[in-house]
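Shown next, in structure tokens, is the structure this report addresses.
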Amino acid sequence: MDRLLDRIDKPSDLRSLTPKELEQLASEIREEIISVVSVNGGHLASNLGVVELTLALHRVFDSPRDKIIWDVGHQAYAHKLITGRRQGFASLRQYGGLSGFTSRDESKHDPFGAGHASTSVSAALGMAVARDLADDDYNIVAVIGDGAITGGMALEGLNQAGHLGSRLIVVLNDNGMSISPTVGAIARLLDRIRFDHRYLIGKEKSRKLLNVLPLGKKAWRAALRIESWVKDLVRTTTLWEDFGFNYIGPVNGHKLHELETALIRARDYRSGPIVVHVVTNKGEGYFPAEGNAVYFHGISGSNASSDKKVIPTYSDVFAQTMLKLARENPKLVVITPAMPEGNSLSIVQAEFPNRVFDVGICEQHAVTFAAGLATQGYMPVVAIYSTFLQRSFDQIIHDVCLQELPVVFAIDRGGIVGDDGKTHQGIFDLSYLTLIPNIIVAAPKDENELQHMLYTATMSGKAMAVRYPRSVGLGVKIDAEFHEIPIGKGEMLRRGNDIAIMAIGSMVAPALNAAEELALNGIEATVVNARFVKPIDAELVIDLATRVKCIITVEENTLAGGFGSYVVNAIKQAGIRDVQVKNIGLPDKFIEHGGQALLRSKYGLDAPGIIKQALDIVPAKSIAKII
């Protein structure tokens with residue numbers, strides 16, 4: 001039987017479908033998403049929850065003339081399927097295939113690329129102002145989740161939109177979740193809107209009354225007062241009205257007719273910004289995801305390695321370490337911006353619910369909140385992904401390091417993260433952190449060293465960042481007791497006189513593998529686990545530059561301002577001239593999506609890549625051994 005989905009090549013194809021056909025299409029879209037994501041991995045529950053909303057948006061609005069901006073973009077799979085990308089959908093999140101997020105490079109129907117939360121309102125407002133300046137009249141819609149709207153940037157955008165009074169539609173996709181359940185005062189307010197039956201009953205009664213009241217200004221004003229009284233009864237819409245927005249809702253996000261009616265009202269409203277409050281169920285239509293939206297927010301796919309069941313991830317080791325430290329130190333607290341599950345913190349939350357703080361999608365606040373705790377003698381650990389730490393750069397400088405406050409940054413997903421791609425690669429942290437005074441920057445060679453580094457960070461009395469990759473560990477034995485690592489001191493793992501390989505973090509293991517392969521071919525390499533980028537172990541660097549004369553540095557970070565540049569600078573500062581240095585790292589570009597192993601191979605961040613670079617600079621007498 002032919003699928004309706006196979007007949008949808010552009011959004012306008014939706015407009016001729018009957019309600020029954022639309023219902024069938026929604027079912028087919030869900031089946032396609034589940035089929036592809038179960039193999040490729042990706043964001044499942046969030047996409048299943050917005051299928052009807054996506055169909056309604058594209059039936060009411062005329063994309064790409066009208067601009068539909070998906071906040072974060074991880075819920076845009078249905079949008080991709082009906083905007084000309086259906087035939088390539090099987091390549092989702094695969095190297096050379098479709099992005100897992102919206103991308104301006106990918107389609108004219110993606111007016112704004114995204115991967116981080118809370119950007120849509122600001123971007124949409126910029127487009128609205130540009131439209132008005134050009135004296136045009138197309139529609140602009142920002143679709144933002146109840147998790148993303150808690151972000152400071154979203155509130156800043158709402159504030160400016162209300163001030164300007166620009167014609168703008170904000171669709172609030174309210175499912176009570178970001179990745180984890182949404183937290184904060186705004187979340188509580190939305191809960192009251194969602195679940196207070198008085199509002200829904202009162203609104204329906206006022207609507208019926210409006211239908212029978214005779215026309216006339218007095219009656220009209222009375223009707224408006226009735227509706228206003230219903231709203232004020234449970235104080236549900238005043239937030240939006242205080243921002244200068246009109247309000248429609250709440251609307252059932254899985255009833256197409258209700259959605260289209262509300263969106264048409266919003267489209268035809270010409271007097272300024274308006275919010276359409278849509279209530280959806282994350283994971284709708286797929287029972288396992290409906291019952292466990294946190295687990296099914298993002299899945300790894302059927303080709304995930306089975307060793308994850310045996311070897312703990314770096315995130316798991318981080319959480320186990322925090323649990324042990326929290327038991328030992330009553331002043332230790334952990335802060336996460338809406339990522340307790342991603343950072344594996346559930347076990348710490350279970351035992352110490354009052355010392356693990358999920359602040360929502362508010363990375364800037366997370367860092368300054370930690371700084372405030374540090375001023376009062378507490379030991380705050382900010383657990384955050386590398387890509388999201390970028391958003392709090394000023395707070396790290398101004399609120400932590402300038403004041404020399406002892407905040408620990410546990411940076412998950414450092415380096416190449418793989419299929420999430422350009423918006424999520426954690427490849428800049430070593431560069432942007434090391435340029436800040438008063439901070440220690442380190443990366444462990446394996447999961448056992450990670451726990452000791454975290455312990456060292458909490459004992460240091462200084463701001464310290466510990467960066468670790470997205471992956472399972474190496475399977476090494478985990479020590480039962482913590483010990484401090486000498487700050488600023490590297491570790492020599494292998495000694496050789498032909499070449500030295502200095503590696504940081506995840507690159508230590510491939511550096512050792514490369515050295516073993518080189519040894520089989522008669523080239524003896526020293527291998528150093530640098531451990532610290534800042535302070536660099538200048539004494540060790542100088543010793544190598546004096547003794548070996550050929551040095552390779554390896555880092556899973558952009559080369560610009562990274563670990564290699566600190567090694568080169570230490571050699572120059574020492575006045576050593578007769579040494580060859582080759583830096584291996586990532587080029588000055590945004591790294592595409594693809595498997596971690598594939599991308600590391602492409603950019604020479606594996607043993608064969610290190611060997612290739614070593615053979616380019618190793619002395620001629622050593623090369624002669626293997627010819």
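The values are calculated or read from the model by the stated rules, or taken from the named source; none is laboratory data. Since the structure is predicted, the reported quantities are computational estimates derived from the model, not experimental observations. Every residue, glycine as well, gets a Cβ built from its backbone with ideal geometry; the counts of neighbours run over all protein chains shown.
A quick yes/no check of all residues on (1) touching a Leu at 6+ places or on another chain (Cβ under 8 Å); (2) outside the structural domain of His424 (by TED's automatic domain parsing):
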site: Leu454; (1), (2): yes, no
site: Gly461; (1), (2): no, no
site: Val472; (1), (2): no, yes
site: Ala480; (1), (2): no, yes
site: Pro486; (1), (2): no, yes
site: Ile499; (1), (2): yes, yes
site: Gly505; (1), (2): no, yes
site: Val508; (1), (2): yes, yes
Yes/no for Ile384 being in the same structural domain as Glu447 (by TED's automatic domain parsing), assigned to a helix (DSSP H, G or I) and of a type in the set (A, V, I, L, M): no
Restrict the check to segment 389-399 and report whether at least one residue is over 30 Å from Ser601 (Cα atoms) and over 22 Å from the mean Cα position of the chain (by Cα). yes
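Just give me the residues in segment 157-176 being over 25 Å from Arg59 (Cα atoms) and surrounded by 24 or more Cβ atoms within 10 Å (Cβ to Cβ), in sequence order. Step through it out loud before you land on a result.
Here is the first cut: in segment 157-176, the ones over 25 Å from Arg59 (Cα atoms) are 157-165, 176.
Hits for segment 157-176 are Gly157, Leu158, Ala161.
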More than 17 Å from Glu484 (Cβ to Cβ) and of a type in the set (Lys, Arg) - does that describe any residue in segment 405-417? yes
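Table: residues versus (1) buried (at least 21 other Cβ atoms within 10 Å of the Cβ); (2) assigned to a loop (DSSP other than H, G, I, E, B).
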| residue | (1), (2) |
| --- | --- |
| Ile411 | yes, no |
| Asp419 | yes, yes |
| Leu430 | yes, no |
| Val441 | yes, no |
| Lys445 | yes, yes |
| Met464 | yes, no |
| Glu481 | no, yes |
| Pro486 | no, yes |
| Leu512 | no, no |
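Is there a residue being in a helix (DSSP H, G or I), β-branched (Val, Ile, Thr) and crowded, with 22+ Cβ neighbours inside 10 Å anywhere in segment 43-58?
Filtering segment 43-58 for residues in a helix (DSSP H, G or I) gives 45-48, 51-58.
After this cut, where a residue has to be β-branched (Val, Ile, Thr) as well, the list is 51, 54.
So of that shortlist, the ones also crowded, with 22+ Cβ neighbours inside 10 Å come out as 51, 54.
Looking for residues that are in a helix (DSSP H, G or I), β-branched (Val, Ile, Thr) and crowded, with 22+ Cβ neighbours inside 10 Å, one finds at least one in segment 43-58, hence yes.
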Filter segment 136-156 for residues that are in contact with a helix residue (DSSP H, G or I) (Cβ under 7 Å, 6 or more places away or on another chain) and in a loop (DSSP other than H, G, I, E, B); the one that is surrounded by the most Cβ atoms within 10 Å (Cβ to Cβ) is Asp146
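For segment 110-120, does any single residue satisfy the condition of being touching a strand residue (DSSP E or B) at 6+ places or on another chain (Cβ under 7 Å) and more than 12 Å from Trp70 (Cβ to Cβ)?
Restricting attention to segment 110-120, the residues satisfying the condition of being touching a strand residue (DSSP E or B) at 6+ places or on another chain (Cβ under 7 Å) are 111-112, 114, 120.
If we keep only those that are more than 12 Å from Trp70 (Cβ to Cβ) as well, we get none.
No: segment 110-120 contains no residue that is touching a strand residue (DSSP E or B) at 6+ places or on another chain (Cβ under 7 Å) and more than 12 Å from Trp70 (Cβ to Cβ).
If the requirement is being of a type in the set (Ser, Thr, Tyr), crowded, with 24+ Cβ neighbours inside 10 Å and either out of contact with any Asp or Glu (no Cβ under 7 Å at 6 or more places or on another chain) or within 21 Å of Pro312 (Cα to Cα) (or both), which of these qualifies: Tyr455, Tyr468? Outline the logic, then answer.
Details: Tyr455 fails: crowded, with 24+ Cβ neighbours inside 10 Å.
Selected residue: Tyr468, the only one of Tyr455, Tyr468 that is of a type in the set (Ser, Thr, Tyr), crowded, with 24+ Cβ neighbours inside 10 Å and either out of contact with any Asp or Glu (no Cβ under 7 Å at 6 or more places or on another chain) or within 21 Å of Pro312 (Cα to Cα) (or both).
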Expected output for segment 263-285 (first residue in the same structural domain as Phe245 (by TED's automatic domain parsing), partner small (Gly, Ala, Ser) and loosely packed, with under 15 Cβ neighbours inside 10 Å, Cβ below 6 Å, 6+ apart or cross-chain) is Gly272/Gly165
State whether one or more residues within segment 361-373 are assigned to a loop (DSSP other than H, G, I, E, B) and surrounded by fewer than 22 Cβ atoms within 10 Å (Cβ to Cβ). no
When restricted to Leu48, Leu125, Leu98, Leu133, the only residue out of contact with any helix residue (DSSP H, G or I) (no Cβ under 9 Å at 6 or more places or on another chain) and modelled with pLDDT under 95 is Leu133
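State all residues of segment 505-556 that are among the charged types (D, E, K, R) and touching a helix residue (DSSP H, G or I) at 6+ places or on another chain (Cβ under 8 Å); if no residue qualifies, say none. Don't jump to the end; show me each part of the working.
Here is the first cut: in segment 505-556, the residues among the charged types (D, E, K, R) are 516-517, 524, 531, 534, 537, 539, 543, 547, 549, 555-556.
Hits for segment 505-556 are Glu517, Glu524, Arg531, Lys534, Glu555, Glu556.
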Scan of segment 117-128 for residues that are assigned to a loop (DSSP other than H, G, I, E, B) and either surrounded by fewer than 22 Cβ atoms within 10 Å (Cβ to Cβ) or at positive phi (or both), ordered by number: Ser118
Looking across segment 107-116 at residues that are more than 20 Å from the chain's Cα centre (by Cα) and over 19 Å from Val171 (Cβ atoms), the single one that is surrounded by the fewest Cβ atoms within 10 Å (Cβ to Cβ) is Lys108
In segment 564-588, which residues are part of a loop (DSSP other than H, G, I, E, B), crowded, with 17+ Cβ neighbours inside 10 Å and under 28 Å from the mean Cα position of the chain (by Cα)? none
Could you list, in sequence order, the residues of segment 311-352 that are in contact (Cβ under 8 Å) with a residue 24 or more places away in the chain, on the phi < 0 side of the Ramachandran plot and in a loop (DSSP other than H, G, I, E, B)? Ile311, Pro312, Asn329, Lys331, Pro337, Met339, Pro340, Glu341, Gly342, Asn343, Leu345, Phe352
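Please determine, by comparing only the residues of segment 66-91 that are outside any helix (DSSP H, G or I) and of a type in the set (A, V, I, L, M), which one is modelled with the lowest pLDDT. First the steps, then the outcome.
The initial filter retains those residues of segment 66-91 that are outside any helix (DSSP H, G or I), namely 66-76, 82-88.
Adding the requirement that they be of a type in the set (A, V, I, L, M) leaves 68-69, 72, 76, 82.
Details: Ile68: 95, Ile69: 94, Val72: 86, Ala76: 90, Ile82: 93.
In this case the residue turns out to be Val72.
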Kindly establish whether His43 is over 25 Å from the mean Cα position of the chain (by Cα) and within 20 Å of Asn173 (Cβ to Cβ). no
Hey, does segment 495-508 have a residue that's free of Cβ contacts under 8 Å to residues at least 40 places away in the same chain and either under 20 Å from Ala442 (Cα atoms) or touching a Cys at 6+ places or on another chain (Cβ under 8 Å) (or both)? no
Return the pairs, sorted by first residue and then second, in which the second residue is assigned to a helix (DSSP H, G or I) and of a type in the set (A, V, I, L, M), the first residue lies in segment 79-105 and is more than 22 Å from Val60 (Cα to Cα), the beta carbons are less than 8 Å apart, and the residues are 6+ apart or on different chains. Phe89/Val36; Phe89/Leu81; Ala90/Val36; Leu92/Val36; Leu92/Val37; Tyr95/Leu598; Tyr95/Leu599; Gly97/Ala90
